Amino acid sequence: MAGASSLGGLGGVGGLGGLGGLGGLGGLGGLGGLGGLGGLGGLGAVGGLASLGLLNSGPLAEALIFTRDGIVGTWTPGSAAAVRLTEDETNMQRWEPWVRASVLDFELVSCLHFVIKAKSASETMELQHLDTSVNPSPGTTLMKITRPSVANFMEQLVFLDRYADLRGDRATEIMTQTGGAVAFLASIAYLSASRTPYTLELLAAAIRLANYVEMRFKHALACRRPNEYSPQVQPIILTPGHGSFPSGHATETFISALVLLRLLQNSTISPYSVLADQKSWALQLMRLASRVAMNRTVAGVHFPVDSAAGAVLGLTLGQYFVNRCTKVTTYDAYAFDGTAFPEPSGGQQPPDDGDFYWDTLFDVPTLSQTPTAYATLVGAQAGALPVASNLILQWLWGQAVGEWT
């Protein structure tokens, strides 16, 4: 995942660089912030602006000067324009995609807060949602993560050796997924910049939320990468310049898979509206997210426990994101305890052998996240998501759902 410097500015837009086509979202790392779809070609704007002569340039400015001089005529007063409503979510459709992204990010992140819960060898970091309907706002738990001990990580090194045997088979996937996995999602669900621009915008917003949160956890928990524990790991890609735990690729792919699944569930027509088909879509989306996450272990830059923590974080954030978009005023909070993750030396059989198994964390038959011994359900947080503050998110959700009906 990309470093925090790529997130700077969202006005200019720093590492989010295009966002006027959501192009520069490639700086956002694991899924390439949707960079896998080639800049998303405008996301609701006009794709080939250059071919239409709509890009700023010196020659164009000079030509416009001459044209105006030739046609403007005698100056006459303008006509008063109708006043637009203030704080009206329908105005979102009038703005450029990068502007919508800025507004959405503020709406999401301004309700989040981080707290260090324990200063010890295994620190616990807590992500909280702030109930903005109350002043002062009390924080309610959204996600708690306790990092594994050094001994836990050392135990997991065995998987870095075992999975290295797959490098020859997975190298193409691994290299492609460093720049984004959206093309892989698009091979399952029919995503297209021209057909589903708002869906892609929605996924981009979810991925940015995941990126902000995962990077804050990574900074706070400060876990070392596998090649810092052994010189025999020898990753096949450059080791990212931030902490190993939780995995950003896992967080971003699982939040994308869940948000996309919930969109399909909201479809009113076949094939997506049929429950059996929803389970089929869920199975493929979750398998993909798992494969992307585990490819990072194959590459030599992540432990299985990193992927497990990222998956739990992605699924939890994903449902939180969907709830904020759909007028649901509660959400489920989870706690991931890295010290309770199964150890390879325990001699247990899968899924308790210390490896990463996505199907212990998400149940396809019920299409829901499931708790485990190391990923426990903290509980439903009631009344934490006031509807009035989420109209902007609801607007984008509605636009995206409309693309699947």
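The values are calculated or read from the model by the stated rules, or taken from the named source; none is laboratory data. Just so we're clear, the structure is a prediction, and the values are computed from it rather than from any experiment. Don't worry about glycine lacking a Cβ; one is built from the backbone with ideal geometry, like all the others, and counts go over all protein chains shown. SASA here: full protein model, heavy atoms, side chains in, ligands and nucleic acids out. Shrake-Rupley method; radii C 1.70, N 1.55, O 1.52, S 1.80 Å.
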The ³J(HN,Hα) series, computed from each phi in segment 371-381 with the Karplus coefficients 6.51, -1.76 and 1.60 at θ = phi - 60°, rounded to the nearest Hz and given as x for glycine or proline, is x, 9, 5, 9, 10, 8, 7, 5, x, 6, 9
Per the C-alpha gyration tensor (a ≥ b ≥ c, the square roots of its eigenvalues), segment 283-323 is rounded if a/c is under 1.5, else prolate if a/b beats b/c, else oblate; here it's oblate
With DSSP loop assignment and no more than 13 other C-beta atoms within 10 Å, the trypsin sites (Lys or Arg not before Pro) in segment 66-119 are Arg84, Lys119
Probe 1.4 Å, all chains present, heavy atoms only: Lys327 accessible area in Å², nearest 10, is 130 Å²
So, with points 7 Å from each Cα along the Cβ direction, the Asp69-Ile116 label distance in nm works out to 6.5 nm
Quick shape summary for segment 95-240, equivalent ellipsoid via Cα gyration tensor, semi-axes whole Å in descending order, reads 32, 28, 10
Reported to the nearest 10 Å², Asp363 has, with a 1.4 Å probe, an accessible area equal to 50 Å²
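How much area per residue is accessible in segment 254-405 when the probe is 1.4 Å and only protein heavy atoms are counted (Å²)?
Details: 4970 Å² over 152 residues.
Per residue, segment 254-405 has an accessible area of 33 Å².
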Under a 1.4 Å probe, counting only protein heavy atoms, Arg167 has an accessible area in Å², nearest 10, of 40 Å²
Taking alpha-carbon centroids only, segment 188-232 lies from segment 321-384 a number of Å equal to 18 Å
Excluding residues fewer than 8 positions from Lys144 in its own chain, the aspartates and glutamates with Cα under 16 Å of it are Glu123, Glu126, Glu214, Asp306, Asp332, Asp337
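What FRET efficiency do you get for Gln284 and Leu157 if R0 is 41 Å and r is their Cβ-Cβ distance, rounded to the nearest 0.05?
With a Förster radius of 41 Å, E is 0.85.
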With 0.36 nm assigned to each residue of separation and the Cα-Cα distance removed, Ala340 to Gln394 gains 15.7 nm
Along principal axes, largest first, the alpha-carbon spread of segment 220-357 in whole Å comes out as 54, 31, 29
